[in-house]
Amino acid sequence: MSQPLAPTARPRLALPDSIVPGQIRWVYAVPIVGIHLLALMALVPWFFSWTGLILMLVGVHFYGQAINLCYHRLLTHRSAKVPKWLERTFVVIALCCMEDTPGKWVAMHRYHHKHSDHESDPHTPMVAFLWAHVGWLLVRNRSTHTLESYSKYAPDVLRDRFYMNLEKSHAWVLIYVAHAVLYFLVGFAIGAASGGLAVGLQFGASLLVWGVFLRTVVVWHITWSVNSLTHLFGYSNYETDDCSRNNWFVALLTVGEGWHNNHHHDPVSASNQHRWWEIDVTYYQIKLLERLGLAWDVVPPKHVRDRRRRQVKEQARSDRHDATQG
Ligand SMILES: [Zn+2]
Ligand SMILES: [Zn+2]
């Protein structure tokens, strides 16, 4: 049954011992602060265009789903399989979110599942809301931000040469920069063709600010809200060894990831929808891929897996019985 739990159900935790507070991870801090500042240009009317606004809204779903569907369900939890070319395409789209390489993202999320809301959890809000939301990204963690940790928690991902190369090179930065430049150039070309240089500059800049910078920031906060809000606010269907909650607001923003207590109860399931009204659009998209022949081995929920296991056992028992009778 659903149990509304108080946000303070678990006592406050101190920062993990493995955190080095003075050691800022500049490679994360600079883009996070920088792109937030660039996104603020959306407040200046000159940068506005309806196309930019539409690109931002569509982009939140398009790029955000590469994180939810690919980084999270396909790569971290192996909830389904897709062709390699499609998986890598999703990863390239996910890199346009500036949310880390697949190896690091997967390792960190598996680490979170293993230590959820305990001292070693890299981003539990039991330390503080802002810590779970963004703070943990900005300082070095001696336990998780190491090559050993990445290879221990994401060996399957790093075995793929394409993903390993992303760790060894700066291609992930180049991909982000290249897609931002492309947004500007396409906007500039369309604007310049219809109204001259000034129109081209304004239109290109609007696509860049709204379609790339603001969209990046919105996708960040949506992803981060899974780490912060869904471990604090909402109801739980299951008693899990953590503070995960089903949060309808985050579920709406993330098209299904907010049913986080369901997810912590059954992480490998492709579906987070455990009740009919816990709509999980990400799961529907996986099923659509399956229909199109682009996904297979879609992992069903635990109760279905248990039922299938029981059926297989019963069938084996009945076969043995028939054999002895025969
Ligand atoms: Zn969680
Ligand atoms: Zn997960």
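The figures follow:
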item: Gain in span if fully extended, Glu314 to Asp241, counting 0.36 nm per residue against the direct Cα distance; result: 23.1 nm
item: Prolate/oblate/rounded label for segment 230-326 (Cα gyration tensor, a/c 1.5); result: oblate
item: Kirkwood-based Rg to Rh ratio, segment 166-217, C-alpha trace; result: 1.13
item: Shape category assigned to segment 14-74 from the gyration tensor of Cα positions, a/c cut at 1.5; result: oblate
item: Computed over segment 19-299, Cα set: Rg, Dmax in Å; result: 19.2, 62
item: Spin-label pair Asp17/Lys84, simplified geometry with 7 Å Cα→Cβ offset, distance in nm; result: 4.3 nm
item: Principal axis dimensions, largest first and in whole angstrom, of segment 42-183 by Cα; result: 47, 39, 28
item: Nearby lysines by direct alpha-carbon distance to Lys152 (threshold 19 angstrom, same-chain neighbours under 8 apart not counted); result: Lys104, Lys114, Lys168
item: Cβ-based exposure ranking for Cys97, Cys243, in which fewest neighbours within 10 Å come first; result: Cys97, Cys243
item: Reachable aspartates and glutamates from Lys81, criterion Cα separation under 17 angstrom, eight or more residues apart if same chain; result: Asp156, Asp160, Glu290, Asp297
item: Contact order normalised by residue count of the chain, Cα under 8 Å, 6+ apart, percent; result: 24 percent
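Only the coordinates and a few stated rules stand behind these numbers; no lab work does. Given the structure is predicted, the values throughout are model-derived calculations rather than measurements. We place every Cβ from the backbone using ideal geometry, glycine too, and count neighbours over all the protein chains shown.
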